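Worksheet: the structure to be examined is printed underneath.
The values are calculated or read from the model by the stated rules, or taken from the named source; none is laboratory data. Keep in mind it's a predicted model, so treat the numbers as computed, not measured. So basically every Cβ, Gly included, is an ideal-geometry build from the backbone, and we count neighbours across all protein chains shown.
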Amino acid sequence: MQLVRQGDPRAFETVYDRHGGAAFSLAYRMVGNRVVAEDVVQEAFLSIWRSRLRYESERGSVRSWVLGIVHHRTIDALRRNLTHDRRRTSAEGLEERQEAPERTDVEAARREEARSVRAALETLPDQQTKVIELAYFGGFTHTQIAEMLDMPIGTVKGRMRLGLEKLRRELSGRVGELAV
Amino acid sequence: MSIDQHDRFQEDIGAYLLSALEPAEQAAFEGHLAACPECRAELEELRLAADALPRSVEPFAAPQSLKRSLMETVREDAKPARRPLLERLFGGIRPQLVLAGAAALLIVAVLVGTQLGGGEGRKVVTAAVDRSRVPDATATLTLDKGAGQLRVTGMPHPRAGQVYEIWLKRGDQVQPGPLFNTDRSGNGTGAIPDDLGGVDAVLVTREKTGGAMKPSEAPIISARIS
């Protein structure tokens, strides 16, 4: 990241090559529409390029940092421009799904990592998985989720916290399966 | 801080990590976090789980057109500036006139933002920012039914022990408003639930955690609304 901080486009291109696929996959998973996902990822990477001095290595890996920015940008886009109903009923994304080919060891490792995290998620009680997925991937606030599921806000918040705690414990037992 | 208040904030940790808090709650939570080592420790533990969530996603190939378009912009950005922007735009005009023109443009931008930015009953104001202190920042104020929401991007995360504070300016009086923070990507939102009747401008300064009763510095953001 040192060269990126200094404004080197080639170094930035390397960052995109390493993390652009994961960023696009996350945005696409959240919005279900390739065009919107592309817009969000482009906006996120441009903000990374233009604010590159703000990356702090002690706060986590570059990948987590990049995906955190993409996640926030996607939520902004969802809450600003899109209705959740439209997103849910859009068939476009499903028609255009194009899985990344497993061409390299890195891609194979990423796919295995995804399987491992999903397996950890599957150990959570359904109610905890549901609130976590609605919030993280759906971009819904706890208030909206409480209304949707017809449950008290305190219950929603509690399930989010307990679910993350259980997921953390599950993942700590699978450290060897997670790519860096 | 009472134990009840602490417990209430502690219950918000999961929702905060999942970006599921309402903007005003998020600002309050971040204010608490700055002063609570116990909540910070739990947050960092649970962050490991939250950070793993995007890794559960099935990988999809990003289109090549996305990279081409992105890198074109990046390479254009990276070209050394031959002359300052104002000079390029207004070459040959005396600097004083350029600055006066720029000030007029800012006013026009605010007015255009005010008049064109809103939907029915809503008004969106583009705020002026102090580029010498927050060079990458942008800010917009959305006014709707007497309440306001200030959205910022490109703002640095406040230093430890600091928070952003909103001020409501009515004539010569400046009244403290809500506090807010920014996330790792420099985005933040401050919700202003009070009646904004009679408010001339919404200002932002950097203050100590917990906020101040009077601004300690000149505003870094200023949104004129009348």
- line: If we keep only residues of the range A:137-148 that are more than 9 Å from every other protein chain (Cβ to nearest Cβ) and surrounded by 15 or more Cβ atoms within 10 Å (Cβ to Cβ), then the residue farthest from A:VAL31 (Cα to Cα) is A:ALA146
message: Condition first: crowded, with 21+ Cβ neighbours inside 10 Å and aliphatic (A, V, I, L, M). Now tell me which residues in the range A:16-52 satisfy that.
response: A:ALA22, A:ALA23, A:LEU26, A:ALA27, A:MET30, A:VAL31, A:VAL36, A:ALA37, A:VAL40, A:VAL41, A:ALA44, A:ILE48
- request: Looking only at the range A:76-91, decide whether some residue is buried (at least 18 other Cβ atoms within 10 Å of the Cβ), under 28 Å from B:GLU44 (Cβ atoms), modelled with pLDDT under 90 and within 9 Å of chain B (Cβ to nearest Cβ).
  value: yes
Filter result (within 7 Å of chain B (Cβ to nearest Cβ) and free of Cβ contacts under 8 Å to residues at least 12 places away in the same chain) within the range A:108-134: A:ARG111, A:ALA114, A:ARG118
message: I'm trying to understand the selection: among the residues of the range B:118-158, which are more than 15 Å from the chain's Cα centre (by Cα) and touching a residue at least 12 places away in the same chain (Cβ under 8 Å)?
response: B:GLY118, B:GLY121, B:ARG122, B:LYS123, B:LEU143, B:ASP144, B:LYS145, B:GLY146, B:ALA147
Selected residue (only one of B:GLY197, B:GLY186, B:GLY177, B:GLY190 is part of a loop (DSSP other than H, G, I, E, B) and either out of contact with any His (no Cβ under 9 Å at 6 or more places or on another chain) or among the hydrophobic types (A, V, I, L, M, F, W, C) (or both)): B:GLY197
- request: Could you please give the count of residues in the range A:160-174 that are touching a helix residue (DSSP H, G or I) at 6+ places or on another chain (Cβ under 6 Å) and either acidic (Asp, Glu) or more than 8 Å from chain B (Cβ to nearest Cβ) (or both)?
  value: 2
- prompt: So which residues in the range A:15-38 are assigned to a helix (DSSP H, G or I), at pLDDT below 90 and more than 9 Å from chain B (Cβ to nearest Cβ), if there are any at all?
  reply: A:VAL15, A:ARG18, A:VAL35, A:VAL36
- prompt: Among A:GLY158, A:GLY138, which is the only one that is in contact (Cβ under 8 Å) with a residue 60 or more places away in the chain and either touching an Asp or Glu at 6+ places or on another chain (Cβ under 7 Å) or outside any helix (DSSP H, G or I) (or both)?
  reply: A:GLY138
message: Among the residues in the range B:151-162, are any within 14 Å of chain A (Cβ to nearest Cβ) and among the hydroxyl-bearing types (Ser, Thr, Tyr)?
response: yes
query: Taking the range B:17-28 only, how many residues are in a helix (DSSP H, G or I) and either of a type in the set (A, V, I, L, M, F, W, C) or assigned by TED's automatic domain parsing to the domain that holds B:GLY148 (or both)?
result: 4
query: From the list B:GLY31, B:GLY14, which one is touching a strand residue (DSSP E or B) at 6+ places or on another chain (Cβ under 8 Å) and assigned to a helix (DSSP H, G or I)?
result: B:GLY31
- request: Would you confirm whether any residue within the range B:170-184 is modelled with pLDDT under 75 and surrounded by 16 or more Cβ atoms within 10 Å (Cβ to Cβ)?
  value: yes
message: If I ask for residues that are part of a helix (DSSP H, G or I), closer than 20 Å to A:LEU26 by Cα and within 7 Å of chain A (Cβ to nearest Cβ), which ones from the range B:59-72 would you list?
response: B:LEU66, B:LYS67, B:SER69, B:LEU70
- line: Of the residues in the range B:44-58 that are surrounded by fewer than 21 Cβ atoms within 10 Å (Cβ to Cβ) and either under 16 Å from A:ARG159 (Cα atoms) or touching a strand residue (DSSP E or B) at 6+ places or on another chain (Cβ under 8 Å) (or both), the one that is modelled with the highest pLDDT is B:ARG47
message: Checking the condition of a type in the set (A, V, I, L, M), more than 17 Å from A:HIS71 (Cα to Cα) and either in contact (Cβ under 8 Å) with a residue 40 or more places away in the chain or buried (at least 20 other Cβ atoms within 10 Å of the Cβ) (or both), which residue from B:ALA35, B:ALA15, B:ALA41, B:ALA20 passes?
response: B:ALA35
query: From the list A:GLN98, A:GLN127, which one is polar (S, T, N, Q) and at pLDDT 90 or above?
result: A:GLN127
field: Which listed residue, of B:ARG94, B:ARG75, is away from chain A (no Cβ under 11 Å) and modelled with pLDDT under 90
entry: B:ARG94
